[in-house]
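Following: one structure in structure tokens, then a few remarks.
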Amino acid sequence: MTVIRSRTHTLAQFARRARMSAQRLRVLQNEQRLPTPDGVDPDGADVWTTATIDRWLRATGRTVPDDAVWPFGWADATERAEILWAGDITLPRGRSAAVTIFDGAGQPVIYAVPYAGHDVNRDTIAAAVIAQLDPDRRPGAVVVQPHLLDPGADGPHPYLELWRMPEQTTPPPPPAQDPAPTPLPRFLRRLLPTRAPVAATAAMPEPPVLGRQRRPDTPEYAGSVAASEAARVLNRPLPLWWAGTTTPEIVRTVRLRDQPHPLSIADTITDWPAAIARLTAALGNSMHTNHPQAFAALARETRAVHRHVTATLTHPTTGEGWYLAAAPQPPTWPAVAEQRAAVGAGRDFDPNAAATELDQLVMVEADRPYLPEKDDPYAGALRQAILLLRGRLARDYPTRVYTFPVAYSWADAHGPICDEYRLHLTRLTPADAHGNPEKPTRRLVRLLTEDASDAAIAHHQLLDHACERLVGIYRDPEGRLVAHLTAGFPHLADELLIEWPTGMPPAGWTEQTVIAADETYSATGLFALTPGPDGALLSPQPVPNPGDEPRYTFGYGGNSPAVLYQALVRCVLGDWTVAAQESWVGQLATSPGDKRHRPHSRLWEQIVTSKGSLRLSWADVQQWVRDDQEALTRRRQGRR
């Protein structure tokens with residue numbers, strides 16, 4: 001590996017390159033009119049790279065040195081740059097990118113953009129396109145890659161990421177390691193003039209190393225460059241792309257048209273297609289009459305999406321040195337849908353009716369066979385309506401909302417409590433509604449993929465990977481689903497995926513109840529162990545974190561043990577909002593004279609100092625929580 005050593009300049013060297021006095025530069029620096037430094041030298045003084053200085057000189061209308069790097073020192077092109085080659089290149093793992101190579105006054109200027117769905121590191125793309133050039137054409141070659149635009153952003157970002165090969169490179173690797181030649185280098189050899197060899201420079205002191213490691217035959221990352229700067233030296237605007245529009249068909253059409261204005265395409269990238277599909281499916285299944293509160297929430301969201309997408313797609317499509325390659329068509333309402341949405345959105349919110357509908361929709365949606373939302377938009381409408389109603393009811397009606405579980409991964413499930421918990425599980429057969437992973441319900445898929453979105457499930461093949469590791473599906477005594485998976489890592493025990501409760505703890509915890517967890521590698525399952533009247537242990541009950549997720553750990557300080565503390569406080573007090581991670585733990589912090597900087601809390605001390613397994617008497621937990629509550633009350637009163 002070779003370390004990129006970007007030439008850097010102190011303020012005095014900056015002044016010489018800029019042909020300005022050091023005193024004047026210090027004034028500009030104090031006025032914050034110099035570019036942000038790229039680093040510091042061994043003495044701690046600010047330093048700037050050559051590219052940063054040259055970019056600033058051109059941007060401020062000052063004289064750029066003759067040896068300025070591309071494109072800052074290049075003159076404006078007088079003729080439109082010729083396209084030497086345009087096509088696709090193959091990248092690792094079956095990915096590919098669209099590439100256009102311009103003749104930038106005898107130097108290859110390579111524009112590259114990956115195809116939609118082909119997630120590849122930009123450094124990998126830059127190295128791959130440089131490898132297409134003949135070795136004697138690589139010195140000084142540049143690669144530009146556009147930012148893929150986010151449909152939810154404020155507008156186009158007219159900047160390109162820049163890579164360049166040094167004018168003088170380190171010796172190439174042995175031929176056996178060199179990338180295999182392609183027809184392209186010979187093509188470029190005929191069209192591009194032969195370069196004179198770059199003269200060796202005098203030895204210079206080693207500058208501070210800024211940048212990253214790279215192989216000698218790969219380009220160095222050189223930051224971003226305005227599209228207007230790149231277009232200036234090519235005398236042609238460069239295309240920018242919405243994320244998701246770089247499909248082979250669209251890229252090919254844009255390339256053949258070669259017009260500096262966008263190609264109109266169907267909208268497949270914004271939130272509108274999914275939103276209107278959900279609303280249409282809801283109308284088709286009479287949600288507006290059977291569940292009017294749910295439909296009203298869905299209608300309000302759909303109208304908001306329409307307004308947002310409409311505004312997004314009215315941003316400029318051309319600018320100095322750039323144009324949008326392809327622009328989605330503005331959103332339109334199907335017949336009747338707009339009027340029904342307007343009526344539904346105007347409905348008054350009735351919390352009691354909404355809570356009743358929420359209970360009904362949760363059951364309907366959970367039992368529905370799983371299909372991706374694009375194949376079952378009504379399932380998407382149900383799920384979205386459920387989330388919207390929960391969000392509307394959560395603050396004022398938590399008891400109606402937090403009846404649903406969350407998928408909790410106990411990745412290192414072992415120990416006596418784990419064994420006891422599994423004794424009380426009932427294995428499901430494929431005949432059970434939720435027991436067939438080959439034809440899973442939406443509820444089962446949420447458990448197996450840990451509440452992932454449809455997009456994440458498809459992109460990362462989460463359901464397939466979970467099914468490959470699946471040992472069995474179970475139901476606990478309270479009816480919650482549990483999935484047993486083989487270990488995700490060699491050094492861990494098997495994994496349990498559990499529908500973990502989010503409400504208040506059930507009635508029945510007694511003075512003899514113990515809050516317990518097994519020794520674990522990371523996150524753990526926390527259970528309440530309660531003896532029955534005959535002394536026999538009842539089924540272990542998961543300890544909820546009311547209104548939130550568990551993520552329980554212990555035995556050290558930090559945020560995750562604070563989640564466990566928060567859960568126990570909420571369970572004791574029956575309060576959904578107390579003891580947020582930065583609330584009670586922070587307010588119970590030590591007094592100024594205490595040098596340990598730890599909260600004055602017996603409960604917190606027990607959580608962070610317990611090593612191995614965790615065993616806390618529920619009676620003690622209740623007392624410690626009340627002690628903390630009283631301490632906080634006294635502190636608040638003392639500050640008045």
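The values are calculated or read from the model by the stated rules, or taken from the named source; none is laboratory data. What you see is a predicted model, and the numbers here were worked out from it, not measured in a lab. A quick note on method: Cβ atoms are made from the backbone with ideal geometry, for glycine too, and the neighbour counts reach across all protein chains shown. The protein model used for the area step is the full one, side chains on, heavy atoms only, and it has no ligands, DNA or RNA in it. Shrake-Rupley method; radii C 1.70, N 1.55, O 1.52, S 1.80 Å.
The alpha carbon centroids of region 603-620 and region 461-539 are separated by 19 Å. The string of couplings for region 533-550 from the Karplus curve (6.51, -1.76, 1.60, θ = phi - 60°) is x, 8, x, 6, 6, 6, 4, x, 10, x, 7, x, 10, x, x, 8, 8, x Hz, one whole number per residue in order, with x for Gly and Pro. Computed with a 1.4 Å probe on the full set of protein chains, the accessible area for residue 375 sits at about 90 Å². Report, to the nearest whole %, how much of the accessible area of the chain belongs to carbon and sulfur atoms, 1.4 Å probe, protein only. Roughly 52 percent of what the probe reaches on the chain is carbon or sulfur.
Distance from the Cα centroid of region 95-116 to that of region 237-280 is 20 Å (rounded to whole angstrom).
The value for region 274-421 of Rg(Cα) / (2.2 N^0.38 Å) is 1.36. Quarter the surface of the alpha carbon convex hull of region 402-448 and you get the mean projected area, 4.4 square nanometres. Based on alpha-carbon atoms, the Kirkwood radius and the radius of gyration of the chain give Rg/Rh equal to 1.05. Over all pairs of different C-alpha atoms in region 1-94, the reciprocal of the mean inverse distance, the Kirkwood hydrodynamic radius, equals 15.8 Å.
Rounded to the nearest 10 degrees, the angle from helix 272-284 to the longest Cα principal axis of the chain is 40 degrees. Note on the chain: with charges restricted to the Cβ of Lys and Arg (+1) and Asp and Glu (-1), its dipole about the Cα centre is near 1740 debye.
Dividing the Cα radius of gyration of region 352-483 by 2.2 N^0.38 Å, with N the residue count, gives 1.12. Cα-based values for region 493-548, radius of gyration first and Dmax second, are 12.4, 35 Å. Seen from a random direction on average, the alpha-carbon convex hull of region 443-558 projects onto 9.3 square nanometres. Please determine, in degrees from 0 to 90 and to the nearest 10, the orientation of helix 351-367 with respect to the longest principal axis defined by the Cα atoms of the chain, where the helix direction is its Cα long axis. Approximately 80 degrees, to the nearest 10.
Its alpha carbons give region 49-129 an Rg and a Dmax of 15.9, 46 Å. Placing +1 on the Cβ of each Lys and Arg and -1 on the Cβ of each Asp and Glu in the chain, which of 294, 281, 269 has its Cα farthest towards the positive end of the resulting dipole? With unit charges placed on the Cβ atoms, the residue in question is 269. Database remark: amide H of residue 326 closer than 5 angstrom to the amide H of 242, 263 (H placed geometrically; neighbours at sequence offset of 5 or more, or on other chains; Pro and chain starts carry no H). With only Cα atoms counted, region 423-506 has Rg and Dmax values of 13.1, 38 Å.
Summed over the residues of the chain and divided among them, the accessible surface reaches 49 Å² per residue at a probe radius of 1.4 Å.
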